[in-house]
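Visitor: Structure below; questions to follow.
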Amino acid sequence: MSQITVSLPDGSERELAEGASAADLAASIGPRLAADAVVAVVDGAERDLAAPLADGSSVEIVTASSDRGLHTLRHSTAHVLAQAVLDLFPGATFAIGPPIEHGFYYDFELPGGGTFSDADLERIEDRMREIIDADQPFRRVEMAAEDALELFEAHPYKRAIIEAVALGVGADGDLASEASEGGTVSCYRNDAGGDADGFVDLCLGPHVPSTGRLGHFALQRVSGAYWRGSERNPMLQRIYGTAWATRKELAGHLHRLAEAERRDHRRLAAELDLVSWPAELGPGLAVWHPKGALIRKLMEDYSRQRHADGGYEFVFSPHIAKSVLWETSGHLDFYAESMYPPMEMDGTDYYPKPMNCPFHVMIYRSSQRSYRDLPMRLFELGAVYRYELSGAVHGLLRSRGFTQDDSHIFCAREHLASELASLLEFVLSVLEAFGFNDFQARLSTRPAGKYVGEEALWNEATEGLRAALESAGLDYETDEGGGAFYGPKIDVDVRDAIGRSWQLSTIQLDFNLPERFGLEYVASDGSRPRPVMIHRALFGSVERFFGVLLEHYAGAFPAWLAPVQAEVLPVAAAHAGYAAEVADTLRSRGFRTEVSPADEPLGKRVRNAKVAKVPYVLVVGDDDTANGTVGVNARGAKGPERDVPLEAFADRLAQEVEARS
RNA sequence: GCCCGAAUAGCUCAGUCGGUAGAGCGACGCUCUCGUAAAGCGUAGGUCAGGGGUUCAAGUCCCCUUUCGGGCUCCA
């Protein structure tokens with residue numbers, strides 16, 4: 001019998017019988033690998049383990065412990081979901097079911113526009129477990145598109161996919177361009193055993209060898225989703241699930257979800273009396289209560305101080321402007337859908353501003369500028385209004401009115417590189433002060449299609465951004481062609497305390513507005529070049545940043561931001577005088593301090609302060625009154641400290657506030 | 001905007017088959033004066049989101065509106 005030779009990722013080679021599969025290869029390496037393998041990568045392409053190997057190929061066996069393997073596992077679980085739904089709901093049809101981050105989904109359409117209920121999810125999950133217990137093999141079948149169209153006769157969405165993918169019919173350019181050669185498609189069939197028909201799905205694959213490899217999954221929720229994401233198309237019923245390689249990983253994920261819910265800024269905002277969303281205001285519009293407003297003010301004060309130190313000049317601009325401004329800026333051309341409708345006054349339309357930039361351009365243009373004036377860094381905490389879809393608003397994270405910490409920097413082309421480098425450094429250093437130190441950046445470059453500005457300027461700016469990223473030592477990925485038509489940009493994401501990523505800051509070049517508004521400056525040689533404009537938002541939205549911080553800290557703001565830094569609890573009414581003295585001393589040193597009088601039991605008052613997440617609870621009784629000390633119960637500490645001299649505590653708090661820790 | 005779901009006291013929620021509204025916490029009052037995460041007793045608090053309809057009777061069933069929640073292509 002002839003042999004084939006395949007190579008492994010470590011460079012070693014193995015001989016196998018002709019016709020051997022990746023599964024055979026895994027078995028030849030070890031029983032453990034054979035059991036854990038879910039898919040193979042053959043010459044760089046993912047393949048089913050059962051696919052025969054060609055002589056000379058390089059093969060990697062992938063287990064569910066890798067991202068690639070997990071991807072396949074989730075994909076196969078989605079497939080089982082579809083099988084269960086088609087079993088349980090006669091007349092149901094199915095569309096697509098890809099793996100996604102943490103899990104998978106599958107889109108269905110039920111006869112008569114039916115919907116899934118939570119009880120249905122349980123039934124479906126039970127059926128999925130039966131299918132998994134049956135350990136049905138996934139078998140790949142390739143067939144002509146015409147045959148597939150017949151096979152999926154009752155499933156119009158599958159037919160649409162076949163037509164788009166294999167025949168290039170009725171699809172947009174992207175799909176048609178990737179049509180597979182020869183008009184064939186692949187399907188996966190898993191046999192139910194006995195005389196049952198089994199289940200077949202149109203699928204590129206690959207899949208795990210059999211359903212028995214699956215099992216650590218949970219169905220999560222059902223929602224509506226448009227076919228191909230377009231609101232012009234029918235609304236399908238989407239079922240979301242999560243799937244993992246091990247029971248422990250599944251449990252960990254469910255725990256993280258519970259943790260995220262515990263940190264939900266809308267819940268914490270209510271519990272800590274920070275912000276509310278009265279129904280009378282409308283979607284996406286919040287009011288700030290005294291404690292929330294205090295924290296916000298501290299954030300804004302710090303931001304202003306840093307900007308002052310960083311060479312920015314503060315400006316203000318109105319909330320509305322005549323339509324002519326937005327016509328000149330181009331917003332009415334390309335951004336009108338996100339703008340509030342105009343109000344008509346004295347025969348002219350006025351629009352609430354969705355951005356501050358045109359106003360800052362007006363300030364630049366208010367007098368002739370010289371190269372000596374550049375870079376001109378204008379900063380405003382400017383409230384903007386955007387008409388977000390009512391279904392998209394979400395607490396402080398997506399609202400219809402918010403405050404941008406918006407800078408516009410006008411600089412000469414030759415100073416671009418150094419300005420970008422210092423800008424990025426500035427952004428990162430402010431974010432670090434708020435407790436973020438895990439950053440991820442994205443560089444978006446010139447789009448392939450329509451763009452403004454000369455290519456040389458694009459290249460210069462893009463390289464300037466790249467150099468800034470390199471010198472900051474930041475991890476970044478490049479989104480080739482992902483930039484806006486008016487300039488390249490850097491987006492900075494931060495990772496929060498529970499590993500979630502938030503896009504916050506952006507540094508965006510703009511070659512468009514200076515052109516539209518005819519900006520120029522007088523250079524040293526008397527020529528009049530255009531300045532380059534840089535948009536820079538750091539928090540992005542003050543409100544959203546506050547929401548992210550609230551979730552990051554789970555409501556336990558560090559001392560420098562805590563609305564109450566120390567709460568003084570007299571043990572009994574007799575200590576009220578000393579408690580007041582302690583509070584006065586702390587206030588005179590600039591600390592935010594409250595006294596909780598002894599008309600409730602001490603334990604209850606300690607609890608109240610803990611629930612309010614006050615950094616320091618100070619208990620004062622007889623000993624303290626006699627000795628000028630306090631009992632210090634720090635947030636997060638194991639137990640209270642006794643007999644701490646008041647001055648020593650005040651110094652410690654001062655240090656902590658100073659360090660913003 | 002669109003799909004599904006939800007809305008009962010300040011908060012969290014119960015309310016059966018359609019039969020006239022409940023609890024805990026919080027608030028307020030009185031008592032207790034206490035050394036580290038919930039003292040005792042009492043009182044107030046509701047147009048059951050708003051509007052319309054069905055019914056002898058609606059928190060409960062139907063319709064509309066408002067707000068909230070989840071979701072709305074990382075091509076099979």
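No lab work stands behind these numbers, since they all come straight from the coordinates. This is a predicted model, so every value here is computed, not measured. Here the Cβ is made from the backbone with ideal geometry for all residues, glycine too, and neighbour counts use every protein chain on show.
Visitor: Skipping prolines and chain starts, which residues have an amide H placed within reach, meaning under 5 Å, of the one on A:Tyr226, given they are 5 or more residues away or on another chain?
Guide: Placed amide hydrogens put A:Leu236 under 5 Å from A:Tyr226.
Visitor: Angle between the Cα long axis of helix A:416-433 and the longest principal axis of chain A, 0 to 90 degrees, nearest 10?
Guide: So the helix axis and the longest Cα principal axis differ by about 80 degrees.
Visitor: A further question on this structure: Quick check: residue separation of A:Ser370 and A:Thr478 times 0.36 nm, minus the Cα distance between them. What number comes out in nm?
Guide: Net length gain for the segment: 35.4 nm.
Visitor: As a check on your grasp of the helix formula, calculate [θ] at 222 nm for chain A: sum -39500 (n - 2.57) over DSSP H runs of n ≥ 4, divide by the residue count, round to the nearest 500.
Guide: Here the helix-only value at 222 nm equals -10500 deg cm²/dmol.
Visitor: What order do you get for A:277-285, A:234-242, A:581-589 when each peptide is scored by the mean count of other beta carbon atoms within 10 Å, highest first? Mind showing how you got there, number by number?
Guide: Working: A:277-285: 13.1, A:234-242: 20.2, A:581-589: 16.9.
Peptide ranking by packing, descending: A:234-242, A:581-589, A:277-285.
Visitor: Given contacts defined as C-alpha pairs under 8 Å and at least six residues apart, what's the relative contact order of chain A, whole-number percent?
Guide: 8
Visitor: Additional query: What is the Cα radius of gyration of the stretch A:326-366 over 2.2 N^0.38 Å, N being its residue count?
Guide: 1.22
Visitor: From the backbone phi of the stretch A:124-139, what are the Karplus-calculated ³J(HN,Hα) couplings (6.51 cos²θ - 1.76 cosθ + 1.60, θ = phi - 60°) in whole Hz, Gly and Pro given as x?
Guide: Those phi angles translate into 5, 4, 4, 5, 4, 5, 4, 5, 5, 4, 6, 6, 6, x, 8, 10 Hz.
Visitor: If you don't mind, another one. Trypsin sites (Lys or Arg not before Pro), restricted to the stretch A:401-488: which are DSSP loop and have at most 13 other Cβ atoms within 10 Å?
Guide: For trypsin sites (Lys or Arg not before Pro) across the stretch A:401-488 that sit outside H, G, I, E and B with at most 13 neighbouring Cβ atoms in 10 Å, the list reads A:Lys450.
Visitor: Next question. On a 0 to 90 degree scale, rounded to 10, what angle separates helix A:247-262 from the longest Cα axis of chain A?
Guide: 30
Visitor: Right, here's the next one. Any chance you could get the radius of gyration and Dmax over the Cα atoms of chain A, in Å?
Guide: Calculated on Cα positions, Rg and Dmax stand at 31.0, 98 Å.
Visitor: For chain A, with only Lys/Arg (+1) and Asp/Glu (-1) charged at the beta-carbon, what is the dipole magnitude about the Cα centre, in debye rounded to 20?
Guide: 1980
Visitor: Now for a separate question. Using each residue's phi in the stretch A:226-239, evaluate 6.51 cos²θ - 1.76 cosθ + 1.60 at θ = phi - 60° and report the 3J(HN,Hα) Karplus result to the nearest Hz, with x for Gly and Pro.
Guide: Residue by residue, the stretch A:226-239 yields 6, 4, 6, x, 9, 5, 7, 8, x, 8, 9, 9, 9, 10 Hz.
Visitor: Also, I was wondering about something else. I'd like the Karplus ³J(HN,Hα) series for the stretch A:494-506: coefficients 6.51, -1.76, 1.60, θ = phi - 60°, whole numbers in Hz, and an x wherever there's a Gly or Pro.
Guide: Values, residue by residue: 10, 9, 8, 4, 10, x, 7, 10, 10, 7, 10, 8, 8 Hz.
Visitor: Just going by the charge dipole of the stretch A:50-158, with Lys and Arg at +1 and Asp and Glu at -1 on Cβ, which of A:Gly91, A:Gly56, A:Ile124 is farthest out on the positive end?
Guide: Comparing the listed Cα positions along the dipole, A:Gly56 ranks first.
Visitor: Report the Cα centroid-to-centroid distance between the stretch A:393-430 and the stretch A:563-578 in angstrom, as an integer.
Guide: About 43 Å separates the Cα centre of the stretch A:393-430 from the one of the stretch A:563-578.
Visitor: Would you grab the residues whose amide H sits under 5 Å from the one on A:Phe138? Only those 5+ places off in sequence or on another chain, please, with H modelled 1.01 Å from N.
Guide: Long-range HN contacts for A:Phe138: A:Ser210, A:Thr211.
Visitor: Count neighbours as other Cβ atoms within 10 Å of each site's Cβ, and list the chymotrypsin sites (Phe, Trp or Tyr not before Pro) in the stretch A:76-105 that are DSSP loop with at most 11 such neighbours.
Guide: none
Visitor: Also: Among A:Ser323, A:Gln237, A:Gln305, flag the residue with its Cα farthest along the positive direction of the charge dipole of chain A, charges on Cβ as +1 for Lys/Arg and -1 for Asp/Glu.
Guide: Farthest along the dipole direction, towards plus: A:Gln305.
Visitor: If you place +1 on the Cβ of every Lys and Arg and -1 on the Cβ of every Asp and Glu, how big does the dipole about the Cα centre of the stretch A:522-661 come out, in debye to the nearest 20?
Guide: So the magnitude is around 900 debye.
Visitor: Let me ask you something else. At most 10 other Cβ atoms within 10 Å and a DSSP loop assignment: could you name the GluC sites (Glu not before Pro) in the stretch A:413-494 that fit?
Guide: Answer in residue order: A:Glu454.
Visitor: Could you let me know the centre-to-centre spacing of the stretch A:602-650 and the stretch A:485-519, using Cα atoms, in angstrom?
Guide: A separation of 45 Å, based on Cα centres.
Visitor: Let me ask you something else. How much of the DSSP bridge set in the stretch A:295-383 is antiparallel, in percent, rounded to the nearest 5?
Guide: Within the stretch A:295-383, antiparallel bridges account for around 75 percent of the total.
Visitor: Residues with beta-carbon under 11 Å from that of A:Arg642, excluding A:Arg642: net charge, scoring Lys, Arg +1 and Asp, Glu -1?
Guide: Net of charged neighbours comes to -4.
Visitor: A further question on this structure: Does the stretch A:601-661 come out rounded, prolate or oblate by the C-alpha gyration tensor, with a ≥ b ≥ c the root eigenvalues, rounded set by a/c under 1.5 and, if not, prolate when a/b is larger than b/c and oblate if not?
Guide: Judged from the Cα gyration tensor, the stretch A:601-661 comes out oblate (a/c at least 1.5, b/c at or above a/b).
Visitor: Can I ask one more? To the nearest 10 degrees, how steeply does helix A:67-88 sit against the main Cα axis of chain A, on a 0 to 90 scale?
Guide: Taking Cα atoms only, the helix is inclined about 70 degrees.
Visitor: In whole Å, what is the distance between the alpha-carbon centres of the stretch A:12-50 and the stretch A:242-308?
Guide: 48
Visitor: Under unit Cβ charges (Lys, Arg +1; Asp, Glu -1), what dipole magnitude, rounded to 20 debye, does the stretch A:500-573 have relative to its Cα centre? Write down the numbers at each step before the final one.
Guide: Working: 6 positive and 7 negative charges, 28 e Å.
The dipole of the stretch A:500-573 has a size of about 140 debye.
Visitor: Once you list every other residue whose beta carbon is under 13 Å from the beta carbon of A:Gly224, what net charge do they have if Lys and Arg are +1 and Asp and Glu are -1?
Guide: Once all neighbours under 13 Å are counted, the net charge is -1.
Visitor: Among A:Phe314, A:Leu431, A:Gly487, whose Cα projects farthest towards the positive end of the dipole of chain A, with charges put on the beta-carbon of Lys, Arg (+1) and Asp, Glu (-1)?
Guide: Selected residue: A:Phe314.
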